[in-house]
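Have a look at the structure below, then the notes.
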Amino acid sequence: MQQVPCKFACFLRATKGKRVTFQQLNFLKRMYVIEHNKALCQRAKLKPESTAPPYFEGQHSVPEKTVNHAVRSVSPLLPPLSEKPTVNESEALPMAIPNSTEKTVVSISQEEKQWKEMKLQLDTLPGVLARLSKIKLTALVVSTASAGFAMAPVPFDLTCFLLASLGTGLSSCAANAINQFFEVPFDSNMNRTKNRPLVRGQISPLLAVSFAISCAVPGIALLTLGVNPLTGALGALNIALYTCCYTPLKRISIVNTWIGAVVGAIPPIMGWTAATGSLDAGALLLGGILYSWQFPHFNALSWGLREDYSRGGYCMMSVTHPAMCRRVALRHCLALIGLSSLAPFLDVTTWTFPIISLPINLYISYLGFRFYRDADRSSSRKLFFCSLWHLPLLLLLMLTCKKSWYEKKDKKEPIH
């Protein structure tokens, strides 16, 4: 209390000839609270950006807005140098909580920016590699190659058949793994592909590329050395078309659909060439059937995934040219009828095959027409699910009506 008159005298000298502001009176009140530390019901909040005393501020200083809080006791805002500031526990607790949350947020953001060590679990590795190689699609590729091998007009060679099937499967695994490696940033935007191993980080890109190379090299070697060079060249061509042409074209042009159909048509040709060692008209017929089948199959599938393909940045017929998508699907459904009728002319099957295959070809053509007319999800789903059983049934009927190799041999031998 003895220092108050001296400070008040200093205050009068500093404010001599000036008006006393409300902020200056607040300063005197704070000095009084600091000296005596008495229990009050209200206290004023300091202006955060102002560090100088108010009597050194000019006359034009703007008075600050005060925020009042009811507290039990007021701790000194500016304690003397000889005293240590005392903080109430009830006030310190709310201040500590925001600081702790800020630290946790900062630490989490720093951990996200840092490189993380990817731990590979050996027990889940076979499943991850199976999804990386698209095992279901690979099984379809091997089955079509096996059908081409079985349809060839030569005696069945089990060893050659196993080597051709294994080499074709390894080539398909390599192509699918490289495809997923290139499409990681785009697959993450699609609901259909966001759970792929590379997108989820279940396998590193280096391991994925190593797996693709370890499949491609022995696969092509088996086809070239174990079967014949023509089949090995077709396998290498198929990997190149799928990874270097079809994959980048998916984001550039709708031509990717036709390139993908060529990729799907090569495996039955590889099966035929593995058995015969030559590229005959029967091999081209099998390739043509697979080529035409893929358009109703894929166009119907992509119709229900238009939003996904658009979100992923893929240029598909169903997204950019919906009318063409339906027309092409119907056109190739009708083409299956014509290709099936060509089989006996090319001496691949008997005349029974066009007759017994006509009902299923007419049915898929009818669903293709419904898809072309209605252009809805229901018709596209029916066409897609029909294509799943249509192809194996058509190949099975073709195999049952196949002309045996000794009948063709008898026809070629001259009668003396």
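The values are calculated or read from the model by the stated rules, or taken from the named source; none is laboratory data. If you're wondering where the values come from, they're calculated on a predicted model, not measured in any experiment. Positions of Cβ are backbone-derived with ideal geometry, glycine not excepted, and every protein chain shown enters the neighbour counts.
Screening the stretch 307-398 for helices (runs of 4 or more DSSP H) wholly inside it with 1 or more residues that are at pLDDT 95 or above and more than 30 Å from V184 (Cβ to Cβ) returns the ranges 322-342, 352-374. Within the stretch 250-284, the set of residues being of a type outside the set (S, T, N, Q), touching a residue at least 40 places away in the same chain (Cβ under 8 Å) and farther than 23 Å from G167 by Cβ comprises K250, R251, I252, I254, A281. The single condition among (1) surrounded by fewer than 16 Cβ atoms within 10 Å (Cβ to Cβ); (2) touching a helix residue (DSSP H, G or I) at 6+ places or on another chain (Cβ under 9 Å) that A335 does not satisfy is (1). Scanning the stretch 134-172 for residues that are assigned to a helix (DSSP H, G or I), over 29 Å from the mean Cα position of the chain (by Cα) and either more than 21 Å from V217 (Cα to Cα) or touching a residue at least 24 places away in the same chain (Cβ under 8 Å) (or both) gives S146, A147, G148, F149, A150, M151, L158, C160, F161, L163, A164.
The number of residues in the stretch 220-245 that are in contact with a Ser or Thr (Cβ under 8 Å, 6 or more places away or on another chain) and without any contact (Cβ under 8 Å) to a residue 12 or more places away in the chain comes to 2. Only a single criterion out of (1) at pLDDT below 60; (2) within 21 Å of the chain's Cα centre (by Cα) is not satisfied by T104, namely (2).
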